[in-house]
Amino acid sequence: MIECREYPRTPVDMPVFFSGTNKAVLREGTMFDLSARGCAVTSLSSVQAGSTVSILIRETNLGSPITIESAAVRWSGSGEFGVEFLDLSEIDHRHLQRLLEAASMDSIHPH
């Protein structure tokens, strides 16, 4: 089956932190799929499809973390969930583009 996605996905393996809209509890996960408009995360903490989360991507090669203030959880199950980025600052958007470029180069030319 061919996927018809507007934004191509890039396989990644990087730690992320996320919290619900109340930001009271910071939870950990591992991002395994990334695109310009969203990502997929595996985590021991469950999230509800239809909820909204904030996500912090701490990729050390970029210097500063990428903060997604608002992301809609589009699907959730079996210890994984997928989000669509809703609120991303211009600087974080640029950092995300650099991260995607670096990640796609790594998947083409693994070390």
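General remarks:
- Filtered residues of region 49-60 (kept if out of contact with any Leu (no Cβ under 6 Å at 6 or more places or on another chain), modelled with pLDDT under 95 and not in a strand (DSSP E or B)): Arg58, Thr60
- Note on region 79-100: among residues that are buried (at least 16 other Cβ atoms within 10 Å of the Cβ), aliphatic (A, V, I, L, M) and part of a strand (DSSP E or B), the one that is modelled with the highest pLDDT is Val83.
- Any hit, region 17-35, residues being touching a residue at least 40 places away in the same chain (Cβ under 8 Å), among the small types (Gly, Ala, Ser) and buried (at least 17 other Cβ atoms within 10 Å of the Cβ): yes
Residue-wise test of (1) of a type in the set (A, V, I, L, M, F, W, C); (2) surrounded by 12 or more Cβ atoms within 10 Å (Cβ to Cβ); (3) more than 18 Å from Leu99 (Cβ to Cβ).
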{"residue": "Pro15", "(1), (2), (3)": "no, yes, no"}
{"residue": "Ser43", "(1), (2), (3)": "no, yes, yes"}
{"residue": "Ile55", "(1), (2), (3)": "yes, yes, no"}
{"residue": "Ile68", "(1), (2), (3)": "yes, yes, no"}
{"residue": "Val73", "(1), (2), (3)": "yes, yes, yes"}
{"residue": "Gly77", "(1), (2), (3)": "no, no, yes"}
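The values are calculated or read from the model by the stated rules, or taken from the named source; none is laboratory data. Only a predicted model underlies this, so the values are computations on that prediction, with no experimental measurement involved. Heads up, the Cβs are rebuilt from the backbone with ideal geometry, glycines too, and the neighbour counts pull from every protein chain shown.
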